[in-house]
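The values are calculated or read from the model by the stated rules, or taken from the named source; none is laboratory data. On a predicted model such as this, the values are computed, not experimentally measured, just so you know. Counting neighbours? That spans all protein chains shown, and the Cβs are built from the backbone with ideal geometry, glycine included. Note: accessible area is taken over every heavy atom of the protein model, side chains too, but ligands, DNA and RNA are not part of it. Shrake-Rupley method; radii C 1.70, N 1.55, O 1.52, S 1.80 Å.
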Amino acid sequence: MSVDNPVQGKIAGATETKRRLGVPAVTFMIIAASAPLTVLAGGVTTTFAVTGVTGVPLSFLILGGILGLFAVGYAAMSRYVTNAGAFYAYIAQGISRPAGVGASLVALMAYNLMQVGIYGLFGFTVSSLLSARLGISVPWWIPVLVCIAIVGWLGVNRVDLSAKVLGVLVALEFLVVIVYDAISLAVAPEGVSAASLSPESLFVPGIGAVLSFGIAAFMGFESAAIYGEESKDPKRTVARATFAAVAIIALFYAVSAWAMTVGAGPSAVIDTATANGPDMIFAFLGANGGVLLSDIAQLLFVTSLFAALVSFHNAVARYFFSLGRERVLPPFFAGVRKHSRAPFAGSLAQTVIAVVVTVAFAAAGTGSEFGELYPVLTMFTWLTNSGAMGLVLLMTVVSLAVIGYFRRKPHGASLWVRLVAPGLGFALLAVVFVLILANFNVLLGQTDSTPATFVLPMVVLLPGVVGVAWGLRLRRSQPELYARIGHGAEG
């Protein structure tokens, strides 16, 4: 397997023939990261059960509006800053290079946490299916290691191959959820009611936890900019894919969560979600659509997780590449594979991290009191919620970076684009970030705070502090390298 000179490495090459991603492909990559079926079966049911709030559908529309405001400036800046480091490059050019380096390490940690955490739920789900359907008892970590190998293989091959695989999987996810929605509206034991879309259903004690859970469903929507260097027309592709993803995700989740309340009955949805958890959807489909439909949905639940794993793996690999290219990290990480132009070294690094963390959790979980649910209650819950917190923090800071960038380089952008929308986005995302911190023990499934409540946020935030210090050191010790930070192929 041949790898280019790491310092000169450039994802997908510079020519049009090597720019393989259009708007649909990038949009599928984004939506795959949000894992529609996973969010509905796992995230929405958990939110109903834990918070006791029926206004979950409305929360998706509100969060979609907030992220839409963020996307205005983010997408506008993507026309002028095309870098696989995305958040890192935006903050470096919009605020300062040390802040950009700090953001890069937070992003690396957050994306790795999201990606590796999902493996916990994947392993549990596959192990449970094999036991229930085939009578085969397999430890949860064995399916994880097999999946890591497959994801790693896709990661070092052409990115449009990943996009095609994800496109098929996401289309099937949408189909099964649409079928679920239709059956729910047809069954409607208490009639078709819009009660869960009313403000009174959401603006109650517990709204903070609902928004904290809900924002995680959108994570990955910001990843369009990561694929800017591999897009056919980055000045248009990134913006269009970002807006398309936000709109599709918000509307799809809102409608599906509303259909869930209708299918179970607004007065019963909380109790049903509490009793059944992620099996709520599959049990409903089995009872009202047949066992075959339920089995297909469970299989697609597994592929939904797989699609999210591939998408986040690609994002992590490209962050490693961007930081290696600019020598913020060792230049080894800028290595790309000659045939596919994929970020080989970054993909390999992410694969190694996934293996090490999985083995660590597998060893620590031996004899755990959580039993079979151990990888879900620890690896999945801890890591993904921590990762989501880090990404919300980064989006909050990027909103300020957009204002700073357009203040120095207006590019003819309107006041709405360069100040008003990002300013509102900053304020609202800051509120969501504070709510996440305030409800972090709830997100971890804990009634009271434990050491994990405080340690996990520090795992995300401390690398940012280290990164800022590293950036300041580079400014003194290597001014030429420092000048290139955040400019990627431009520099």
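Calculate the FRET efficiency for Val356 and Asp448 from the Cβ-Cβ distance with a Förster distance of 30 Å, rounded to the nearest 0.05.
Here the calculated transfer efficiency is 0.45.
Compute the signed sum of charges (Lys and Arg +1, Asp and Glu -1) over the other residues within less than 12 Å, Cβ to Cβ, of Pro36.
Its environment carries a net charge of -2.
Defining a contact as two alpha carbons under 8 Å apart and six or more residues distant in sequence, what relative contact order in percent does segment 266-349 show?
18 percent
Of Leu37, Leu69, Ala195, which is farthest towards the positive pole of the chain's charge dipole, taken about the Cα centre with +1 and -1 on the beta-carbons of Lys, Arg and Asp, Glu respectively?
My answer, from the dipole projection, is Leu69.
Mind checking the full-extension length gain between Leu299 and Leu251? Use 0.36 nm per residue of separation minus the Cα-Cα distance, one decimal, nm.
Taking 0.36 nm per residue and subtracting the Cα distance, the gain is 14.9 nm.
Is segment 339-441 rounded, prolate or oblate when judged by the Cα gyration tensor, a ≥ b ≥ c being the square roots of its eigenvalues, rounded requiring a/c under 1.5 and prolate requiring a/b larger than b/c? Walk me through the numbers before you get to the answer.
Numbers: a/c = 5.13, a/b = 1.71, b/c = 2.99.
Judged from the Cα gyration tensor, segment 339-441 comes out oblate (a/c at least 1.5, b/c at or above a/b).
Is the shape of segment 410-491 rounded, prolate or oblate, going by the alpha carbon gyration tensor and its root eigenvalues a ≥ b ≥ c, with a/c under 1.5 for rounded and a/b larger than b/c for prolate?
It is oblate, given that a/c is not under 1.5 and a/b is not larger than b/c.
Students often check this: by mean Cβ neighbours within 10 Å, which of 108-117, 296-305, 132-141 ranks highest, and how do the rest follow?
So the order, starting with the most tightly packed, is 108-117, 296-305, 132-141.
What does the chain give for Rg and for Dmax, in Å, if only its C-alpha atoms count?
Considering the chain through its Cα atoms, Rg and Dmax are 21.6, 69 Å.
Based on the alpha-carbon gyration tensor of segment 212-366 and its eigenvalue square roots a ≥ b ≥ c, which shape applies: rounded if a/c is under 1.5, prolate if not and a/b is larger than b/c, or oblate?
prolate
Report the extension gain between Leu175 and Arg473 in nm, rounded to one decimal, defined as 0.36 nm multiplied by the number of residues separating them, less their alpha carbon distance.
Gain on extension, Leu175 to Arg473, equals 102.1 nm.
Tell me the per residue accessible area of segment 376-475 using a 1.4 Å probe; a whole number in Å² is fine.
With all protein chains present, segment 376-475 gives 45 Å² per residue.
Give me the percent relative contact order of the chain, please, defined on Cα pairs under 8 angstrom at least 6 residues apart.
Relative contact order for the chain comes out at 36 percent.
Mind pulling the angle between the C-alpha long axis of helix 97-129 and the longest principal axis of the chain? Nearest 10 degrees, somewhere in 0 to 90.
Result, in degrees: 30.
If each of Lys338 and Val465 carries a label point 7 Å out from its Cα toward its Cβ, how far apart are those two points in nm?
4.6 nm
When only alpha-carbon atoms count, how far does segment 278-383 stretch along each of its three principal axes, as whole angstroms with the largest first?
56, 35, 18
May I ask which residue of Leu419, Leu121, Gly365 lies farthest towards the positive end of the charge dipole of the chain, with charges of +1 (Lys, Arg) and -1 (Asp, Glu) on Cβ and the Cα centre as origin?
Checked the options; the winner is Leu419.
Estimate the FRET efficiency between Ala182 and Ala364 by the formula 1/(1 + (r/R0)^6), using the beta-carbon distance for r and 45 Å for R0, to the nearest 0.05.
That gives a FRET efficiency of 0.55.
Between Ala427 and Met458, 0.36 nm times their residue separation minus their Cα-Cα distance comes to what?
The Ala427-Met458 span can extend by a further 8.9 nm.
Where the accessible area of the chain is counted over protein heavy atoms with a 1.4 Å probe, how much of it, in %, is carbon and sulfur?
Within the chain, the accessible surface is 69 percent carbon and sulfur.
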